[in-house]
Amino acid sequence: MKKIINPWSGHPKYNCFGCAPNNPFGLHMVFYEDGDYIVSNWQPERNYQGWVDTMHGGVLSTLIDETCGWVVTRKMQTSGFTTNLSVKFRKAISTNEPRLTIRANTVKQMRNLLFIHAEIVNSQGELCVEGEATYFLQDEEKAKEMGFVHCEVEE
């Protein structure tokens, strides 16, 4: 796995809830490229609970959506936005879980739409959440307007 270099880190207005390292309320996700997959390892905490000791479904959906967004950033080398997100909760996730692994990959592309599958697996390797996302891919000009140039990995 190779760590993805965050292309947004130098942007003056960058404060993403999912991946900005300096957002005090954010998830501080970091991403890696593993073959066809984009992967993030993330540790739950009490502040993200819905029910007692149970992760909030909206936060789990955000983990899925954010990872899918990084498929667009790294694999498609552009920016985009979510047009559809469907999440299936298979198993509750404890806020005491030591580590979650979120993985996403491209299923298919149709013109400027990218269809992505994602999953969240707990530290025991159990599939807990699955997601299907559709992203609208922005053209090169619009991506540049938003501050995107390219997305690379560390060697």
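We did not get these values from a lab; they are worked out from the coordinates using the rules stated. No experiment lies behind these values; they were computed from the predicted model shown. With ideal geometry, Cβ positions are generated from the backbone for all residues, glycine too; neighbour counts draw on all protein chains shown.
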Checklist entry - Relative to the longest principal Cα axis of the chain, at what angle does helix 57-75 sit, 0 to 90 degrees, rounded to 10? => result 30
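Checking the a/c ratio against 1.5 first, then a/b against b/c, what shape does the Cα gyration tensor give for the stretch 94-155? Walk me through the numbers before you get to the answer.
Values: a/c = 2.94, a/b = 1.82, b/c = 1.62.
Prolate, since a/c reaches 1.5 and a/b exceeds b/c.
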Checklist entry - Hey, what do the phi angles of the stretch 84-89 turn into as Karplus ³J(HN,Hα) couplings, whole Hz, using 6.51/-1.76/1.60 and θ = phi - 60°, x for Gly and Pro? => result 7, 9, 10, 10, 10, 9
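Over the chain, what relative contact order in percent results from Cα pairs under 8 Å that are six or more residues apart? Don't jump to the answer; show the numbers that get you there.
Numbers: 341 pairs, mean separation 41.2, N = 155.
Dividing the mean separation by the residue count of the chain yields 27 percent.
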Checklist outcome for this item: Quick calc: nm separation of the 7 Å Cα→Cβ label points for Glu154 and Asp34 -> 1.7
Checklist entry - Tell me, what is the percent relative contact order of the stretch 31-96, built from C-alpha pairs under 8 Å that lie six or more residues apart? => result 38
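Would you kindly state how much longer the chain becomes between Gln109 and Ile5 on full extension, computed as 0.36 nm times their sequence separation minus their alpha carbon distance, in nm to one decimal? Working shown, then result.
Working: separation 104, 0.36 × 104 = 37.44 nm, distance 2.42 nm.
My answer for the length gained is 35.0 nm.
Is the shape of the stretch 35-155 rounded, prolate or oblate, going by the alpha carbon gyration tensor and its root eigenvalues a ≥ b ≥ c, with a/c under 1.5 for rounded and a/b larger than b/c for prolate? It would help to have the intermediate numbers written out before the result.
Numbers: a/c = 2.11, a/b = 1.93, b/c = 1.09.
Verdict is prolate for the stretch 35-155.
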Next on the checklist: Quick one: 3J(HN,Hα) in Hz for the stretch 27-35, Karplus 6.51/-1.76/1.60 with θ = phi - 60°, rounded, Gly and Pro as x.
Outcome noted: 8, 6, 6, 10, 10, 10, 9, 10, x
Next on the checklist: What is the distance in Å between the Cα centroid of the stretch 131-155 and that of the stretch 20-63?
Outcome noted: 20
